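Let me begin by presenting the structure, written as structure tokens, before commenting on it.
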Amino acid sequence: MDIDKYQIGMIGLGVMGRNLVLNMGDHDYTVIGYDKDPEMVRQLNQDIGERKVLGVTNLTKFIESLEIPRTVMMMVPAGPPVDAVIGELLDHLDPGDLVIDGGNSYYKDTELRIKTLAKRNIHYLGVGISGGENGARHGPSMMPGGSSKAYARVKKIFDSISAKVDSEPCVTFLGPKSAGHYVKMVHNGIEYGLMELIAETYDMMKRGLGMDDQQLYQVYKWWNQMEVHSYLMEITANIFSQEDPETNKYLIDEILDEANQKGTGKWTSQDAADLQVPVPSIDIAVAMRNMSILKDQRQVVNHVLHSIPSKYDGDKEQFVDTLRMALYAAMIITFAQGMALLRAASENYGYDLDLESIARIWRGGCIIRAALLDQICQAYETRPELPNLLMDPQLGHDVMRLRSSLEIVVHDAAKLGIPTPGFMVALAYLDGYRSSWLPANLVQAQRDYFGAHTYERIDEKGVFHTQWKPNLEEDIVGQN
């Protein structure tokens with residue numbers, strides 16, 4: 001098909017880039033794709049059919065084939081590859097052109113790139129995209145941030161290609177600067193937390209209850225019809241039904257128990273620490289992935305610190321019900337932590353985020369889509385300035401109603417010697433957040449004692465320092 005100028009160009013024709021191009025083509029947009037790898041270009045051109053799409057390996061041809069002002073989207077790995085592409089583009093772009101980064105870039109890198117390109121009057125959007133290969137092809141959740149004026153140029157395209165829930169596109173302009181990539185980072189942090197919780201339910205049922213893969217498949221399939229209904233629950237059920245053609249065993253049992261990470265969960269934890277927002281469910285999920293890669297050490301220590309595992313001696317069917325309810329409570333708590341972080345980031349970084357809109361675009365297309373998000377949307381619709389989801393009357397009531405389920409799971413896991421840190425910190429977060437008094441006064445006193453860091457009093461404003469009395473042990477001995 002002979003097209004003089006294309007509406008949008010895509011750099012990077014790997015799985016995500018190629019599927020987004022085909023998605024745009026399905027909606028009758030003219031798209032030209034560029035990749036240095038001829039095989040990537042060949043695959044795209046092989047799949048285009050009647051779509052108004054073309055793949056090329058020549059950057060100059062790619063640039064010259066775009067409508068002016070140009071719109072160029074990148075789907076390349078985060079970090080140096082993004083800067084390398086921008087470096088190649090700069091000699092070819094003109095003021096008024098728009099560059100879009102659709103990868104999982106670190107939000108501070110996005111901030112720097114926006115400022116750098118603004119000096120040349122080139123617009124830059126950081127767009128978080130969730131949904132994986134299938135989402136890119138048939139409708140992802142999209143999280144754009146940057147210049148609202150620049151976003152207006154691609155709004156129709158993004159609305160068209162995004163997932164839809166109740167006919168609403170799962171995309172909305174989130175805010176200025178790096179708002180889009182920040183929201184995607186926190187999305188991924190929540191994803192880490194939810195995946196850890198589900199993995200812990202698997203461990204409890206496999207090692208604790210002795211359930212086999214077929215039984216696990218049935219449980220997760222059933223759970224996905226309940227309050228924990230979500231994309232992650234759906235794929236978990238499917239995983240336990242997948243056979244390995246090479247061994248004729250279930251594939252899950254042939255997969256090594258090590259899980260790596262690409263950085264977004266770690267970034268979420270790091271930024272939450274900087275903003276002094278507690279996100280222990282995300283922190284522990286990152287830590288447990290780090291624990292998983294210590295495979296060699298774990299195998300050695302297993303022999304040294306090995307103990308005979310306890311057998312669960314209760315009602316297994318009832319425990320599976322309890323485990324599901326504890327999971328639901330922990331899911332609410334995990335979302336509460338992520339949304340509280342978004343609230344703090346919005347205030348500190350000037351994003352002016354609408355948390356209801358964020359929850360709304362997460363209902364379809366993205367990895368953390370879940371039935372729970374409808375209630376979260378309702379909570380923010382009722383109270384847009386809600387500091388924490390646990391302060392919502394309905395969600396808070398649900399969590400407290402299910403607190404005993406969390407307690408039972410944590411207790412029984414500890415008794416069985418099965419690690420469930422995700423459930424443990426969810427319970428601790430809940431109890432800590434609802435406690436009107438915490439022992440932080442002792443921490444203040446300790447810091448002042450050893451480092452003269454001062455402390456605050458409950459009966460008087462200001463900061464104070466005390467010359468703490470030494471040799472307390474000698475005084476006690478003398479009194480005795």
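The values are calculated or read from the model by the stated rules, or taken from the named source; none is laboratory data. Values in this document were obtained by computation on a predicted structure and should not be read as measured data. Positions of Cβ are generated from backbone atoms using ideal geometry, with glycine treated the same way; all protein chains shown enter the neighbour counts.
Structure data summary
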quantity	calculated
Residue in segment 241-251 that is in a helix (DSSP H, G or I) and not aliphatic (A, V, I, L, M) present	no
Segment 96-116, residues that are of a type in the set (Asp, Glu) and surrounded by fewer than 22 Cβ atoms within 10 Å (Cβ to Cβ)	ASP109, GLU111
Near pairs, Cβ below 6 angstrom, 6+ apart or cross-chain, from segment 444-461 (among the hydroxyl-bearing types (Ser, Thr, Tyr)) to any residue that is assigned to a loop (DSSP other than H, G, I, E, B)	TYR449/TRP468; THR454/VAL463; THR454/HIS465
Failed item in (1) touching an Asp or Glu at 6+ places or on another chain (Cβ under 8 Å); (2) surrounded by fewer than 21 Cβ atoms within 10 Å (Cβ to Cβ); (3) not aliphatic (A, V, I, L, M), with ASN302 passing the rest	(1)
Near pairs, Cβ below 6 angstrom, 6+ apart or cross-chain, from segment 382-410 (farther than 19 Å from SER357 by Cα) to any residue that is among the acidic types (Asp, Glu) and assigned to a helix (DSSP H, G or I)	none
Residue count for segment 253-284, restricted to those that are among the polar types (S, T, N, Q), at pLDDT below 95 and assigned to a helix (DSSP H, G or I)	1
Members of segment 308-335 that are under 21 Å from ILE282 (Cβ atoms) and of a type in the set (Gly, Ala, Ser)	ALA326, ALA329, ALA330
Odd one out for THR247, checked against (1) of a type in the set (Ser, Thr, Tyr); (2) within 30 Å of VAL399 (Cα to Cα); (3) surrounded by fewer than 17 Cβ atoms within 10 Å (Cβ to Cβ)	(2)
Residue list for segment 33-55, filter: among the β-branched types (Val, Ile, Thr) and either in contact with a helix residue (DSSP H, G or I) (Cβ under 8 Å, 6 or more places away or on another chain) or surrounded by fewer than 16 Cβ atoms within 10 Å (Cβ to Cβ) (or both)	ILE48, VAL53
Out of LEU406, LEU373, sole residue that is farther than 20 Å from LEU323 by Cβ and crowded, with 21+ Cβ neighbours inside 10 Å	LEU373
Among the residues listed as TYR328, TYR349, the single one being farther than 22 Å from GLY396 by Cβ and not charged (D, E, K, R)	TYR349
Counted residues, segment 164-195 - those being assigned to a loop (DSSP other than H, G, I, E, B), surrounded by fewer than 24 Cβ atoms within 10 Å (Cβ to Cβ) and touching a helix residue (DSSP H, G or I) at 6+ places or on another chain (Cβ under 7 Å)	3
Output for segment 204-234, where each listed residue is surrounded by fewer than 19 Cβ atoms within 10 Å (Cβ to Cβ) and assigned to a helix (DSSP H, G or I)	LYS206, ARG207, ASP213, GLN214, GLN215, GLN218, LYS221, TRP222, GLU234
Of the criteria (1) touching an Asp or Glu at 6+ places or on another chain (Cβ under 8 Å); (2) surrounded by fewer than 19 Cβ atoms within 10 Å (Cβ to Cβ), which one SER346 fails	(2)
Selection from segment 297-331 of residues that are more than 21 Å from ARG403 (Cβ to Cβ) and small (Gly, Ala, Ser)	SER307, SER310
